[in-house]
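The values are calculated or read from the model by the stated rules, or taken from the named source; none is laboratory data. Keep in mind it's a predicted model, so treat the numbers as computed, not measured. We place every Cβ from the backbone using ideal geometry, glycine too, and count neighbours over all the protein chains shown.
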Amino acid sequence: MNDLLGLVLLVVVVLVGSALCSGIEAALLTVNPVRIHELAARPRPVRGARRLEQLRQRLGRTLSVLVIANNGFNIFGSLMLGGYAAEVFRQYGVEGVALPLFSVGLTLLVILLGEILPKALGSRLALPVALASAPALAILGRIMLPLVLLLERLLPAITAESEISTDEEEIRLLARLGSQKGQIEADEAAMIAKVFQLNDLTARDLMTPRVAAPTLAGAGSLAAAQSELLDNNAPWWVVLGEEVDEILGVASRERLLTALLQGHSELTPADLSEPVEYVPEMIRADRLLTGFRRNSGGVRVVVDEFGGFVGVIGAEAVLAVLAGWWRRPQPAGGEALP
């Protein structure tokens, strides 16, 4: 009876060991590396997060440790069990019938309870399983380090480090999936997509063209420009000189109207203008937004490759893309511009 009990206990040990290795392996392969990095980067990291992040960085080495341990239970353990079971059944005189049944039963148990079920649970509970197993897995890795280093010499692919990386399309897809699952708001997902759109737009796409830009003659008086200022509520005006493409500065409508109200109608727009900042027409909208973040005041004068004045652009034009207000201009035929 003691021999049978010992056989049962050994079967349980083999199944539990195989199940643990299989479940942890599935968890490590399923867990989100970005989530692990976020947990490890907190001021007070989640227990096991930093250790797990280190294990994920050398995923080939970590999986080698698990595969060695798992096969130790599945192969070596099964062989030892088979030999021990044959000896036990021989003592009871049932070796011819019991041993084949035992072998078939053990194989089914290893497949079901040692592989399929643990991997399903490990995939479903990837994060808690990976975090809980990280300390023990690190200790096991140090114990098996000589054997793993030998394998790395024989199989250099094991040494490859796993780095966290992503790209624009993946982030777009994750935002869309998060919106569909209700984990983030739909407008947040849409804004994430519009952020990437900034890289595809230039100042030329968003600017107010020169023919429509509000301009004032720098030498004229405020009294002469009063009607223009009242008819057009553009917040910023480009002050032009007498020469072609000569820009004296930019002037705030508020400042110009304030001077008129204070009775300084003899002043010229040039007297009240501010230094102008130029941007090339092919500058990307994301870089343009960065410039506005450093200095949000005023507008930028857009120039072509020859330095000619082609339009003006303000921060609101770039923000309109993020807010979803901007639409690509339509040509006369009604087809969208490429």
Is it true that Arg61 is closer than 24 Å to Gly141 by Cβ, of a type in the set (Lys, Arg) and either at pLDDT 85 or above or not assigned by TED's automatic domain parsing to the domain that holds Ala134 (or both)? no
Going residue by residue through the stretch 123-134, is there one that turns out to be assigned to a helix (DSSP H, G or I), polar (S, T, N, Q) and over 15 Å from Ser18 (Cβ atoms)? yes
Only one of these is surrounded by 13 or more Cβ atoms within 10 Å (Cβ to Cβ), among the acidic types (Asp, Glu) and over 25 Å from Leu150 (Cα atoms): Glu53, Glu95. Name it. Glu95
Please state which one of Val110, Val46 is surrounded by fewer than 20 Cβ atoms within 10 Å (Cβ to Cβ) and either over 22 Å from Ala132 (Cα atoms) or in the same structural domain as Leu154 (by TED's automatic domain parsing) (or both). Val46
Only one of Gly23, Gly17, Gly77 is at pLDDT below 90, under 22 Å from Ala136 (Cα atoms), crowded, with 17+ Cβ neighbours inside 10 Å and assigned by TED's automatic domain parsing to the domain that holds Gly141, namely Gly77
Taking the criterion of being assigned by TED's automatic domain parsing to the domain that holds Arg287, closer than 21 Å to Val312 by Cα, touching a Gly at 6+ places or on another chain (Cβ under 9 Å) and modelled with pLDDT of 80 or more, would at least one residue in the stretch 253-266 satisfy it? no
Across the stretch 289-320, which residue is farthest from Asp187 (Cα to Cα) among those that are in contact with a helix residue (DSSP H, G or I) (Cβ under 6 Å, 6 or more places away or on another chain) and either of a type in the set (Lys, Arg) or touching a residue at least 60 places away in the same chain (Cβ under 8 Å) (or both)? Val302
Could you list, in sequence order, all residues of the stretch 235-276 that are in contact (Cβ under 8 Å) with a residue 60 or more places away in the chain and touching a helix residue (DSSP H, G or I) at 6+ places or on another chain (Cβ under 8 Å)? Pro235, Trp236
If a residue must be in contact (Cβ under 8 Å) with a residue 60 or more places away in the chain and basic (Lys, Arg), how many such residues does the stretch 32-74 contain? 6
Would you mind finding the one in Glu38, Glu87 that is of a type in the set (Asp, Glu), within 41 Å of the chain's Cα centre (by Cα), in a helix (DSSP H, G or I) and assigned by TED's automatic domain parsing to the domain that holds Pro146? Glu38
Do you know which of the residues in the stretch 284-303 that are outside any strand (DSSP E or B) and in contact with a Lys or Arg (Cβ under 9 Å, 6 or more places away or on another chain) is surrounded by the fewest Cβ atoms within 10 Å (Cβ to Cβ)? Gly291
For Glu161, state whether it is modelled with pLDDT under 90, surrounded by fewer than 16 Cβ atoms within 10 Å (Cβ to Cβ) and assigned to a helix (DSSP H, G or I). no
With respect to Ala213, determine if the residue is aliphatic (A, V, I, L, M), crowded, with 17+ Cβ neighbours inside 10 Å and in a loop (DSSP other than H, G, I, E, B). yes
